[in-house]
Amino acid sequence: MDKKIRLGIIGIGNMGSMHAKNVKDGKCPEIVVSAIADNNPERLEWSKSQGYGENLAFFDDAIKMLDSGLIDACIVAVPHYDHTKYAIECMKRGIHVMVEKPAGVYTKQVREMNEEAKKHKDVVFGMMFNQRTNCIYRKLKELVDSGKYGNIRRTNWLITDWYRPQAYYNSGGWRATWAGEGGGVLLNQCPHQLDLWQWICGMPKSVKSHLHYGKWHDIEVEDDVTVYVEYENGATGVFITTTGDGCGSNRFEIQMDKAKFVVEDGKLFLYEFKMSEPEFSRTNTDPFGSIETTRIEVETDGENLQHVGVCNAWAGAILRGEPLVANGFEGINSLTISNAIHLSAFLDKTIELPFDEELYYDELMKRVKTSKVKETKAVFADTSSTFDGNKKILEEHYKLKN
């Protein structure tokens, strides 16, 4: 492989340093780290000792790095409010850009980013939705999309294994504040699940939510969430999440006309009906009859490449026009659901999609005005064990054994 993409990273915190390490360790063979930008002098100095690359340039200002001519592509790994700002600056300079999740804090700014991207068709614009590489969810989407099992009738996702102790929230002054982060578990931990939810099941038409702010932690934003949605075809869904459950769960169910799918403990199960529920209900004469069902553990290709897979696909798109794992334009979908959930709680009412983006922005800014970003020394940690809620991770965190 002669051609190497010269990568710049904006933000060398937990996520930025993980991407740099993946490249350093040879996991992204078509990428070389050429420059790093961070406005934290201590973090920038720390990164100089990590051996991320030869002749590596360091910048205390991201724009200086983007103007340096040293990079072809850039990963934006800064706090959420600045995702769109730096992505747009990359696009204007013809620099390929990969944005960490979420796409932004509010859809109005993400829409502006997407509009800018349309002006730069040569820029490869990706979103770091690494869970789309998971073989379980890829197979689930394939089966749901196949048409074999009819229509979706109900979706349920209980995703409460995002446990975070208070020390996590104390690790950065911007964390869990309206001004610094723009939200809590929905903006930080759950963009992946919200993306998968809409990627597999489609966008809802309405949202009603109940949120608790700082219920389990000393924070401003939501750490306990229950959401009810309705879809265009009449299907319904529930999404429950928290960072407060000491031993949480990750169970995703999709009920369809001719099957039920369950994802749990790193496995995908298919409960296949002998006949569709509408047909059974219409023809069955037993008042307490039930559909004959076969339970199958679905085989997958076993691949779950996570961030490395996203970055390598991005490199392939830049060099050879290959498909991305997640196109950057798609980032607005999960954020639309997240914003609608917040707006429903802000106004205590059901929110129809599409919603009033100006109204959401105004409501968010009301909270930003009274927000208090904490004065605290940033703490950085290895985040590699937080990306996959499969059985291996459960065993590591909860000491579960076969």
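The values are calculated or read from the model by the stated rules, or taken from the named source; none is laboratory data. All of these numbers come straight from a predicted model, not from anything done at the bench. Please note: Cβ atoms are built from the backbone with ideal geometry, for glycine as well, and neighbour counts cover all protein chains shown. Note: areas computed on protein heavy atoms with side chains; ligands, DNA, RNA excluded. Shrake-Rupley method; radii C 1.70, N 1.55, O 1.52, S 1.80 Å.
Tabulated data for the structure shown
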read-out	value
Filter pass, SER49 being more than 22 Å from ASN312 (Cα to Cα), open to solvent by 50 Å² or more (accessible area, probe 1.4 Å) and small (Gly, Ala, Ser)	yes
Lone unmet requirement of (1) buried (at least 21 other Cβ atoms within 10 Å of the Cβ); (2) modelled with pLDDT of 95 or more for ASN327	(1)
Scan of region 153-187 for residues that are part of a helix (DSSP H, G or I) and either of a type in the set (Val, Ile, Thr) or surrounded by fewer than 21 Cβ atoms within 10 Å (Cβ to Cβ) (or both), ordered by number	GLN166, ALA167, TYR168, VAL185
Residue that is of a type in the set (A, V, I, L, M, F, W, C) and closer than 22 Å to CYS201 by Cβ, where the choices are LEU305, LEU268	LEU268
Selected residue (only one of SER338, SER344, SER371 is surrounded by 13 or more Cβ atoms within 10 Å (Cβ to Cβ), over 24 Å from the mean Cα position of the chain (by Cα) and modelled with pLDDT of 95 or more)	SER371
From PRO79, PRO29, residue being under 21 Å from the mean Cα position of the chain (by Cα), touching a residue at least 12 places away in the same chain (Cβ under 8 Å) and surrounded by fewer than 23 Cβ atoms within 10 Å (Cβ to Cβ)	PRO79
Number of the exception - TRP197 against (1) within 19 Å of THR350 (Cβ to Cβ); (2) open to solvent by 50 Å² or more (accessible area, probe 1.4 Å)	(2)
Selected residue (criterion: farthest from LEU194 (Cα to Cα)) from residues of region 303-357 that are small (Gly, Ala, Ser) and not in a helix (DSSP H, G or I)	GLY321
